[in-house]
1. It is to be established whether one or more residues within the range 65-80 are at pLDDT 90 or above and under 17 Å from F42 (Cα atoms).
2. Show me the strands (runs of 3 or more DSSP E) entirely contained within the range 62-173 in which 1 or more residues are at positive phi and of a type in the set (D, E, K, R).
3. Against the conditions (1) modelled with pLDDT of 80 or more; (2) part of a helix (DSSP H, G or I), where does L238 fall short? Just the number, please.
4. Filter the range 72-121 down to residues that are buried (at least 18 other Cβ atoms within 10 Å of the Cβ), under 20 Å from R34 (Cβ atoms) and not hydrophobic (A, V, I, L, M, F, W, C) and give me whichever is nearest to the chain's Cα centre (by Cα).
Amino acid sequence: MEIDLEDLKESNDFLNALYSNVTSGIFLADGEARIHNFNDAFKALFYKREDQLLHQLCGNAMGCQFHEEQGLDCGETPDCESCILRCSILKSFTERVPVYKERLDRVFYIDGRKIEKHFIFTTKYINHRGTSLILVIFDDITELEEYRKELLRRNEYLSSFIQKQIRELGDVKEALTEMGKEKDVLIGEVHHRVGNSLQIISSLLSMQMQNSGESIPKEDIEATNGRVIAIRTLYDILFSKGLQNRINLGEYLEAILDCLEGEESPIGAGVHFRRSIADFTVSLDTAIPVGLIVNEIVNEKALSDNSGRKDGVKEMDIIFQKENLYRLTVSYREDGEEGDVLSSFGRSLIQVLTSQIRGTVEESVSEGGSSFVLTFP
């Protein structure tokens, strides 16, 4: 049966159902910011009975901090002149213009408790049967704001840890300097390489912060941990064989995959790699981006819910070879509909890393599987 959208717009039953069941809190206010109607979602936000909301000034009804603590009605406290909610309602009422997605951060007294809340709201002028009203739509983003603050706290901790490592490296440098001129060359090399790696970590974290917005999904933190593991693996190899300017890239990739299959990996034991990796020696400036690219692809696919499984274990093919150019292929079977190989953040990061090694990337996605091919000189 074909549904006519215009008929739905004219249906009071449909509009009432939409008004009652939408998850956003909605209320109608007049030019004094007095509430004349509201939906169940708005009532649930502030744990109020209908008689505690209807025909009440919005600040009084919502338990605004200024009303509760100063004992004055909404609109009469010294803070009301700068209240973004009240100003938006009055602007929409007097100028008849909408105000979109303003943010309200304030303490409210809700169900007898003092609670800091964070909202995104929109106000819009409407005329109902000759009566001017303001439609106010509320979305509670308090949980997202708490995630954002947690991300900031973790970033501060990590920054402090990095600064501590830098200070410790400075102490090592001073001790080695006392050992003589021959050791000075080694100190400079260590400082240069560790400094570059710390810069990479700092850049990755900055990109992660910009991408996360107001949320902190668990997968984002796990992905960052994987990137740090990829760089740590490189230094494990370097220091085990003595400092050098070039590294066996095949051995490095094998070590990364071993880490990703290990117990310390963010993806645990839930992934298995079928490997065909040749040994080639490349510069550190090439090895680090390639290792991070492999880590990025594997982490994102292994942590997704769509990767192909065998007895509960996700399987991936990793092939590294050289003809005229180096060629690295990551492929995996995938059930279900076609979808993106990588997230937008993952794709942006891989493009940046690929440009550093003057390479190219090719992605292919199909119902039967997906693959990612990196070529570089």
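1. Scanning the range 65-80 turns up no residue that is at pLDDT 90 or above and under 17 Å from F42 (Cα atoms).
2. Details: elements: 99-110, 113-128, 131-140.
Because the criterion is at least 1 residues that are at positive phi and of a type in the set (D, E, K, R), the strands (runs of 3 or more DSSP E) in the range 62-173 that meet it are 99-110.
3. (1) is the only condition that L238 fails.
4. Top of the filtered list is R106.
The values are calculated or read from the model by the stated rules, or taken from the named source; none is laboratory data. Given the structure is predicted, the values throughout are model-derived calculations rather than measurements. Note that we place each Cβ from the backbone using ideal geometry, even for glycine, and neighbour counts take in every protein chain shown.
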